[in-house]
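First up is the structure itself, then whatever we jot down about it.
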Amino acid sequence: MSALVYDPATTQHGVAPVTPASEDAPSTSSAVSVAGDVETALALANHCPAGQAAVRLRVRLRGHIQTLAVPADRYAGLLPESREKDIVMNAVRFARKVAGGCGSDPAISLRLLAKSAAHLARYADLLRSAPKPLPAPACLGAPGPEALLLPDSGR
């Protein structure tokens, strides 16, 4: 799993994309990568939710959500059937819906986008720290580890 990098040098129309980091770049958490935008969005929602900066920030948060939804969805797939899995899957579904458009109130829009991006970043980080699954056996009929035990000879 690669880290996400926010590169202001690659801005396009005032919006800097979040791109995968190269393998030799230091790894940062996804939550750290979006934390600045989340904090800014929450502050703007209280003070100036309809300004140009807020509009650009909404676009950037939508980009974060689109980028982070994939690893967050992958993390949900690794979880066993449980309440936690349902929560993660619903959070991903809701974040995608919010990124598609969430009403006409600019303050509410900023808050929903910010919180959704923060949740997805946390799930992406959990995927990165999740243990790697064991490889599947070559064939389903392969004997398991119990077949290696020798039968008890009665001694």
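Only the coordinates and a few stated rules stand behind these numbers; no lab work does. What you see is a predicted model, and the numbers here were worked out from it, not measured in a lab. Using ideal geometry, Cβ is built from the backbone for each residue, glycine included, and neighbour counts are taken over all protein chains shown.
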Taking only the alpha-carbon atoms of region 30-133, what semi-axes of the equivalent ellipsoid follow from 5 times the gyration tensor eigenvalues under a square root, in whole Å, largest first?
27, 13, 10
Treating only the Cβ of Lys, Arg, Asp and Glu as charged (+1, +1, -1, -1), what charge dipole size does region 30-133 show about its Cα centre? Round to the nearest 20 debye.
180
So, with points 7 Å from each Cα along the Cβ direction, the Asp86-Ala43 label distance in nm works out to 3.9
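Summing Lys, Arg as +1 and Asp, Glu as -1, what charge do residues with Cβ under 12 Å from the Cβ of Ser29 carry, Ser29 excluded? Provide the component values of the computation, followed by the final result.
Values: positive: Arg122, Arg128; negative: Asp125.
Charge balance near Ser29 sits at +1.
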Considering only His64, Leu112, Ala31, whose Cα is most displaced toward the positive end of the charge dipole of region 30-133, charges sitting on Cβ of Lys, Arg (+1) and Asp, Glu (-1)?
His64
